[in-house]
Amino acid sequence: MRIEIPRTHPRYESLVIRERLVEGFEKGLAVPQGLIAHGRGECFDYLIGEKTIEPALKAMKAAVAALLLARHPVISVNGNVAALVPDGVVKLARAVGAKIEVNLFYRSEERVRKIAEELRSHGADEVLGVDDAVATIPELFSERRRVSPRGIYVADVVLVAIEDGDRTEALRKMGKTVIAIDLNPISRTSLAASITIVDNVTRAIPKLAELAESAKTEPRGNLEEILRNYDNSEVLSEVLNHINRRLGELSEKIRREVRSPGEP
Ligand code: ATP
Ligand code: MG
């Protein structure tokens with residue numbers, strides 16, 4: 001790390017995450033556009049309170065059920081995810097028996113290779129999407145449409161994070177269950193996904209891995225029941241209500257505590 005961040009800093013966690021992403025950028029894993037996307041995410045993290053909220057936990061439980069029940073689950077990894085939570089991705093993939101595939105909006109073969117190497121250095125056995133991204137997702141025009149015929153192309157459940165709306169919609173149109181991790185509850189991705197986890201990937205991915213470890217031995221019937229009872233619109237609405245309530249409380253607090261200039 002290039003700068004020493006004091007532990008007592010009120011934004012400590014957030015600053016450490018920024019440093020990790022900048023390091024990932026310098027190593028060639030993330031692109032400048034990824035840094036900007038992270039800033040948009042941070043804004044929503046500020047609004048939810050920079051912690052895992054109840055509706056996110058509910059979505060995570062459904063996500064774990066969907067991944068464990070899937071025939072062919074795949075975790076899609078981009079530069080930001082590889083820079084921020086490589087360990088978590090490998091642990092989660094192992095816990096649910098998912099394949100890992102690199103998929104980039106701004107694709108370059110060199111960056112794909114670097115991301116795959118990074119994941120392997122964190123213990124991934126196999127990383128798809130490197131030399132085998134030869135199938136295409138219909139209706140997508142970015143380089144992101146190129147996918148592995150053994151991975152995303154044939155997957156029934158795909159976990160995406162920090163993802164663009166067009167691609168999420170295209171994956172849904174292909175009939176896949178899409179689990180999205182996205183801090184913005186009203187992004188196109190959040191609205192289009194089958195299961196939306198409104199949380200920071202740095203908290204959500206390790207938590208998903210932990211939940212998956214303990215749900216692994218659950219009877220299938222229990223997992224199916226969790227999925228059947230899951231309602232994504234309800235969860236998104238709970239997230240917005242959480243933000244609304246928080247802002248309402250904050251507004252009251254400011255009115256009580258912050259005085260205008262000249263007031264005693
Ligand atoms: P959409 O295309 O879905 O409408 P967008 O164009 O606003 O979204 P993109 O850059 O396409 O945004 O996607 C990035 C998404 O990832 C944003 O919604 C952003 O809030 C979210 N995001 C950024 N950093 C993180 C993070 N660390 N954890 C979770 N979500 C994040
Ligand atoms: Mg977008």
Completion exercise
Filtering the range 227-257 down to residues that are among the aliphatic types (A, V, I, L, M), within 30 Å of Leu69 (Cα to Cα) and touching a helix residue (DSSP H, G or I) at 6+ places or on another chain (Cβ under 6 Å) yields Leu227, Val235, Val239
Exercise for the section: Inspect the range 178-187 for any residue being crowded, with 21+ Cβ neighbours inside 10 Å, of a type outside the set (Val, Ile, Thr) and in a helix (DSSP H, G or I) and give the result as yes or no. Expected result: no
Fill in the blank from the handout: Considering residues that are in contact with a helix residue (DSSP H, G or I) (Cβ under 8 Å, 6 or more places away or on another chain) and within 18 Å of Val147 (Cα to Cα), the number found within the range 89-127 is 14
Problem - Filter result for the condition that a residue is at pLDDT below 95, among the acidic types (Asp, Glu) and closer than 21 Å to Cys43 by Cα, over Asp182, Asp164 - result: Asp164
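Check Glu257, Glu238 and return the single one that is surrounded by 11 or more Cβ atoms within 10 Å (Cβ to Cβ) and not hydrophobic (A, V, I, L, M, F, W, C).
Answer to the selection: Glu238.
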Handout entry: Wholly enclosed helices (runs of 4 or more DSSP H) of the range 48-142 bearing at least 2 residues over 17 Å from Ala180 (Cα atoms) and out of contact with any Lys or Arg (no Cβ under 7 Å at 6 or more places or on another chain)
Key = 86-96, 109-121
Handout entry: Failed condition for Ile5, given (1) among the hydrophobic types (A, V, I, L, M, F, W, C); (2) assigned to a helix (DSSP H, G or I); (3) surrounded by fewer than 22 Cβ atoms within 10 Å (Cβ to Cβ); (4) away from ligand 2 (no atom under 16 Å from the Cβ)
Key = (2)
Practice task
Pairs only if they're at least six apart or on different chains, beta carbon under 8 angstrom, first in the range 25-54 and within 23 Å of Ser108 (Cβ to Cβ), second acidic (Asp, Glu) and away from ligand 1 (no atom under 11 Å from the Cβ); list them, first residue then second.
Solution key: Lys27/Glu118; Gly28/Glu110; Leu29/Glu118
Problem - Filter result for Gly97 (more than 15 Å from ligand 1 (Cβ to nearest atom), in contact with an Asp or Glu (Cβ under 6 Å, 6 or more places away or on another chain) and on the phi > 0 side of the Ramachandran plot) - result: no
Exercise for the section: Give the number of residues within the range 173-195 that are more than 15 Å from ligand 2 (Cβ to nearest atom) and at negative phi. Expected result: 7
Completion exercise
Restricting attention to the range 95-135, the residues that are touching a residue at least 12 places away in the same chain (Cβ under 8 Å) and closer than 18 Å to His72 by Cβ number exactly 18
Problem - Which listed residue, of Leu29, Leu15, is hydrophobic (A, V, I, L, M, F, W, C), away from ligand 1 (no atom under 11 Å from the Cβ), more than 15 Å from the chain's Cα centre (by Cα) and not in a helix (DSSP H, G or I) - result: Leu29
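The values are calculated or read from the model by the stated rules, or taken from the named source; none is laboratory data. This is a predicted model, so every value here is computed, not measured. Glycine also receives a Cβ, built like all others from the backbone with ideal geometry; neighbour counts cover every protein chain displayed.
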